[in-house]
1. Set the Förster distance to 22 Å, then compute FRET efficiency between residue 42 and residue 76 from the Cβ-Cβ distance, nearest 0.05.
2. Using 7 Å Cα-to-Cβ label points, what is the residue 53/residue 23 separation (nm, one decimal)?
Amino acid sequence: MRMISLILSLTLLAGCSRITADYHLDSAYKAYEKGECGRALLELSQAERNIRSRPYLQPEISLLRGQCLERDKLYVDAAQTYRFVLQNYPRSEYAFRAQARLDTLEQLGHLREPAAKPVAIGL
């Protein structure tokens, strides 16, 4: 009996974290649509804390985080977030979207490669 109640409790806890992560991710999308990126970023952080059992949500969370950073004109941070998605989740649909956002940032001139450093020539 004790074993059954333990298994039931663990199942309920796993379900609660799933529901909580979904709630925060949905709230983040709603906040993003309203232009409230600060709130969206907070909701994304809370969703991240609840996805340990569902790591496949990480690229979606990271892409939305990059879009919020981009909307707040934090282009370098957004680009780093998009590169994180590309590097860690190259086969996800979000990698394709992250690459598209990087290309757009470059085309708009928000990302500039740092100027080449001068090379010291030994005389």
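1. Numbers: r = 21 Å, r/R0 = 0.96.
After rounding, the FRET efficiency stands at 0.55.
2. 1.5 nm
Read-outs throughout are calculated quantities, based only on the coordinates presented, and are distinct from any laboratory measurement. Note that this is a predicted model, so its numbers are computed, not measured. So basically every Cβ, Gly included, is an ideal-geometry build from the backbone, and we count neighbours across all protein chains shown.
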